[in-house]
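Novice: Sharing a structure with you now.
The values are calculated or read from the model by the stated rules, or taken from the named source; none is laboratory data. Keep in mind the model is a prediction, meaning the values are calculated, not measured. Positions of Cβ are generated from backbone atoms using ideal geometry, with glycine treated the same way; all protein chains shown enter the neighbour counts.
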Amino acid sequence: MNIVYQRFKDLLQGIFSCLCYNFFGIDLRMNKNMRSALLLVLVLALLSGCEIVFDDSATTPSGSSPQGETALVTRIIDGDTIDVRIGDVGYRVRYVGVNTPEDDEPCYAAARDANAALVEGQTVTLVQDVSNTDRFGRLLRFVYVGSTFVNQELMRQGYAEAVLYQPDDAFHSEFVQLEDEAARAGRGCHPTGIFDDGSATR
Ligand SMILES: [Ca+2]
């Protein structure tokens, strides 16, 4: 075995044993094979952890998929509206708390594409705030793909502005903050000026 590799491995094992002893009270000095196996587990755990640490996409507060209704996305209407199927029944879903440009406005296509990139053809989880539907009969929902919170992600990417339709305000202050950050960074639709009317209600 390469001597440099062996020394590096011994060093890592030493550090690992020390960490185990100090933080978990586990004394690993007596069994080298067990120590090697645990070191491998630690390295794999760290590597898998890195994916989570460096993944800057939006997640739920708990970092896991939320409880809600499962639906299949059948059509992208625009940046903030989709068609879904729940069982055998089709519904139109309007994302809560966010607004993307309409089809006669600048950045409509880019916002629609950003939404499609997140949810097209996907199985999503729909979560209700307070209202079930809006005045057009569309389901008002927070939408998740796995742990990615789509409403929040569109805000973060700068393709949506925060809007407030009471009483559905669960993430409003967070969305306002994300909009400010995206605007300052010039992300998504912000450079077009489409969100610059200063209104948070529509
Ligand atoms: Ca819109």
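Novice: Every residue in the stretch 82-115 that is surrounded by fewer than 16 Cβ atoms within 10 Å (Cβ to Cβ) and within 15 Å of the ligand (Cβ to nearest atom), please.
Specialist: Within the stretch 82-115, E102, D103, D104, E105, P106, A109, D113 meet the criteria.
Novice: Which of the numbered conditions does D197 fail, given that it passes all the others? Conditions: (1) in the same structural domain as V84 (by TED's automatic domain parsing); (2) over 21 Å from D83 (Cα atoms); (3) part of a loop (DSSP other than H, G, I, E, B).
Specialist: D197 satisfies all of (1) in the same structural domain as V84 (by TED's automatic domain parsing); (2) over 21 Å from D83 (Cα atoms); (3) part of a loop (DSSP other than H, G, I, E, B) except (1).
Novice: I need a count of the residues in the stretch 142-171 that are farther than 12 Å from G97 by Cβ and small (G, A, S).
Specialist: 3
Novice: Can you tell me which residue among T70, T74 is away from the ligand (no atom under 16 Å from the Cβ), closer than 23 Å to D168 by Cα, in a strand (DSSP E or B) and modelled with pLDDT of 95 or more?
Specialist: Answer to the selection: T70.
Novice: Looking at G158, G146, can you tell me which residue is surrounded by fewer than 22 Cβ atoms within 10 Å (Cβ to Cβ) and among the small types (G, A, S)?
Specialist: G146
Yes/no matrix, rows are residues, columns are (1) touching a residue at least 24 places away in the same chain (Cβ under 8 Å); (2) outside any strand (DSSP E or B):
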| site | (1), (2) |
| --- | --- |
| R112 | yes, yes |
| Y144 | yes, no |
| N151 | yes, yes |
| M155 | yes, yes |
| Y159 | yes, yes |
| E174 | no, yes |
| R184 | no, yes |
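Novice: So which of Y95, Y91 ends up being more than 16 Å from N151 (Cα to Cα), hydroxyl-bearing (S, T, Y) and touching a residue at least 40 places away in the same chain (Cβ under 8 Å)?
Specialist: Checking each option against the conditions leaves just Y91.
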